[in-house]
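Peer 1: The structure is given below, and queries will be raised subsequently.
The values are calculated or read from the model by the stated rules, or taken from the named source; none is laboratory data. The structure displayed is predicted, hence computed values, not measured ones. FYI the Cβ positions are ideal-geometry reconstructions off the backbone, even for glycines, and counts take in every protein chain you see.
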Amino acid sequence: MTVPQSPDTSTPGRQAPPARAPLHERVESATIDERQRAVRALLRYPLLTAAGPHAAEFLLVRRHADWLRRWFARHPAWSVQVDAEFARLRKTPATLSDPTRPARDVKTGLPFSRRRYVLFCLFLAALERSERQNTLGNLANRVLELVHGDPALAAAGIRFDLTSRDERRDLVQVARLLLDLQVLRRVHGDEGQFLAERGDVLYTIHRPLLSALLNVRRGPSTVDAEEFDARLAAIAEETLPETEEGRNRRVRSRLVRSLLDDPVVYNEELSEEESAYLATQRGHVLREIEEGTGLVPEVRAEGIAMVDDRGDLTDAGLPEEGTDGHVALLLAEFLAQHVRRDRTVTVGYAALQRHLSKLIKEHRTHWRKAAAEPGAEVELVEQTIELFEALRLVRRAEDGVHPLPAIARYASAEPARRRPSRKDRPLLHDA
């Protein structure tokens, strides 16, 4: 999930009661704090395990499981499964077309390719038919059989051949993601040996986690639609009565999902139904989210952001350290100056690359050496724009990027001729 950290922390969170407060107040405050931490843990890590790196958060989730089930069912209409070994929040996003949250390579952070997604699904099918323990080589052969046995995959251009190192690497990255999710547990060997064709890896399969991994309302095999968008909509479709209460619930859950999952919800992107609902229910909705999560609402003329001033709910944010973080801040400032002058401006990729080339010359002694290599500005601009798009700071266009209002918080301070009104203020605080 990408929720922006606030560049300033002037907005206070929930204050703990004084040490001498009555016992019931201290207990209530501790309970609220634990529940908020549990909600935040599930939002950040929708699959938590008892033996994983977030075991402490899992214990909080298990302790407050009944309350969490009610809270998530009431507000974003998401279900929570909790047992002695794991907790699973089934998050259906507000929109199914958002490309900014891909599965990523565990080691490099690079997004999954189309083929890797297909192999991931086929690997899950192979695991479902597997014994409790199996080797990566056996699972790879099973995937190979599934690919060759399905003419639809061939028609879609999907090929898989274990003789190709690139395709073996794809399979290894799928296995490593499942290891990270703890669906697989390595017993012996290493994926690098399989990649180099020098050995194999033995895994134990955590079947309960495997069965909880997919989040669909309908099995894909039950869907008749052929177009991808229609199939995706069908497996995620939620049935609600076509009554006023049902329509309100649908609108409310979609809004809450956006506010929990997206860094910024812009008014211009809302439907008429959503705008009308927020006009009367905004205060109530934001208060419920703030009390349940500890996120702090910022409401501006352009929209709403739920700000993570604690910084533990953000998987991508600004500011960050190192060369990439400095580049991102400087390009954000460059784009913010443009949007401050003209909110309809589109900044071309060539202009961004030229500006970054100047910045590289200015900061080359402080940045990593690779940043000064010929053409490095092209890759740095692309990865930075990818980050900005995920944070809802820009929108891509054919000829460049369109800065969005929230990026104004990164503009350099300029002398103001008059005190800005609330309507003039950017969606988020200026940095």
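Peer 1: Can you find even one residue in the range 107-122 that is part of a strand (DSSP E or B) and under 30 Å from ARG249 (Cβ atoms)?
Peer 2: The answer is no; no qualifying residue exists.
Peer 1: When you go through (1) under 30 Å from ARG176 (Cα atoms); (2) not assigned by TED's automatic domain parsing to the domain that holds HIS284 one by one for GLU237, which number turns out not to apply?
Peer 2: (1)
Peer 1: On the given criteria, is LEU313 under 27 Å from the mean Cα position of the chain (by Cα) and in a helix (DSSP H, G or I)? Steps first, please.
Peer 2: On the way: under 27 Å from the mean Cα position of the chain (by Cα): yes; in a helix (DSSP H, G or I): no.
No; evaluated as a whole, the condition is false for this residue.
Peer 1: When the residues of the range 350-407 are filtered to those that are hydroxyl-bearing (Ser, Thr, Tyr) and within 19 Å of GLU321 (Cα to Cα), which remaining residue is surrounded by the fewest Cβ atoms within 10 Å (Cβ to Cβ)?
Peer 2: Among them, the one singled out is THR365.
Peer 1: Another question about this same structure. If you go through the range 285-340 one residue at a time, how many are basic (Lys, Arg) and without any contact (Cβ under 8 Å) to a residue 12 or more places away in the chain?
Peer 2: Counting residues in the range 285-340 that are basic (Lys, Arg) and without any contact (Cβ under 8 Å) to a residue 12 or more places away in the chain gives 1.
Peer 1: Any residue at all in the range 73-84 that is assigned by TED's automatic domain parsing to the domain that holds ARG35, in a helix (DSSP H, G or I) and free of Cβ contacts under 8 Å to residues at least 60 places away in the same chain?
Peer 2: Yes.
Peer 1: Residue check: is LEU144 outside any loop (DSSP other than H, G, I, E, B), touching a residue at least 40 places away in the same chain (Cβ under 8 Å) and closer than 30 Å to ASP229 by Cβ?
Peer 2: No: the conditions fail for LEU144.
Peer 1: Still on this model: With respect to GLY52, determine if the residue is under 24 Å from ILE205 (Cα atoms), under 21 Å from the mean Cα position of the chain (by Cα) and in contact (Cβ under 8 Å) with a residue 24 or more places away in the chain.
Peer 2: Yes.
Peer 1: Taking TYR203, is it more than 19 Å from THR135 (Cβ to Cβ) and aromatic (Phe, Trp, Tyr)?
Peer 2: Values: more than 19 Å from THR135 (Cβ to Cβ): no; aromatic (Phe, Trp, Tyr): yes.
No: the conditions fail for TYR203.
Peer 1: Run down GLY311, GLY246, GLY317 and say which single residue is at pLDDT below 90, surrounded by fewer than 16 Cβ atoms within 10 Å (Cβ to Cβ) and within 30 Å of LEU359 (Cβ to Cβ). So that I can check it myself, show each step before the final result.
Peer 2: Numbers: GLY246 fails: within 30 Å of LEU359 (Cβ to Cβ); GLY317 fails: surrounded by fewer than 16 Cβ atoms within 10 Å (Cβ to Cβ).
So the residue among GLY311, GLY246, GLY317 that is at pLDDT below 90, surrounded by fewer than 16 Cβ atoms within 10 Å (Cβ to Cβ) and within 30 Å of LEU359 (Cβ to Cβ) is GLY311.
Peer 1: I've got another one for you. Scan VAL296, VAL345, VAL339 and give me the residue that is over 16 Å from ARG257 (Cα atoms), crowded, with 20+ Cβ neighbours inside 10 Å and among the β-branched types (Val, Ile, Thr). Steps first, answer last, please.
Peer 2: On the way: VAL296 fails: over 16 Å from ARG257 (Cα atoms); VAL345 fails: crowded, with 20+ Cβ neighbours inside 10 Å.
None of the other options fit; the residue is VAL339.
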